[in-house]
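Have a look at the structure below, then the notes.
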Amino acid sequence: MPELPRPAHAGLHVIPILCQIISPKYRATGYGFLNLFSTFTGGAMIYLGGVLRESNVGLAKVFQASALGLIIAALVLLAVRPKPATEER
């Protein structure tokens, strides 16, 4: 049986990036902030979707804004440089 294609986001997780740039002492706080912002963003996007729908904003404009956001996020992600590996105790 042929393997089904995986979604584009499969395997792209933020937690390993967090572990590369944050010391082990602050990782739990980092996880908490990631959860906080993802929950807030999800709620805000539901509200924004309703505002856009009532304002009769076309779907093409929404996709253009999404593409711009993805490009900015990719540039920010490329700017993150991991610290050199050190021994953890």
Margin query: When the residues of region 1-36 are narrowed to those that are charged (D, E, K, R) and in a loop (DSSP other than H, G, I, E, B), which ends up modelled with the lowest pLDDT?
Written below: Arg6
Notebook entry, point to check: Just wondering, is there one or more residues in region 74-88 that are at pLDDT 90 or above, surrounded by 10 or more Cβ atoms within 10 Å (Cβ to Cβ) and of a type in the set (Gly, Ala, Ser)?
Noted result: yes
Next item on the list: Take region 55-80 and flag every residue that is hydroxyl-bearing (Ser, Thr, Tyr) and more than 23 Å from Val14 (Cα to Cα).
Entry: Ser55
Next item on the list: Considering only residues that are at pLDDT 90 or above and assigned to a helix (DSSP H, G or I), look in region 49-59 and name the one that is nearest to the chain's Cα centre (by Cα).
Entry: Val51
Notebook entry, point to check: From the residues in region 17-27 that are surrounded by 10 or more Cβ atoms within 10 Å (Cβ to Cβ) and either hydrophobic (A, V, I, L, M, F, W, C) or out of contact with any Lys or Arg (no Cβ under 9 Å at 6 or more places or on another chain) (or both), which one is nearest to Arg81 (Cα to Cα)?
Noted result: Ile21
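The values are calculated or read from the model by the stated rules, or taken from the named source; none is laboratory data. Everything quoted here is computed from the prediction, not taken from an experiment. Cβ atoms come from the backbone with ideal geometry, glycine included; neighbour counts cover every protein chain shown.
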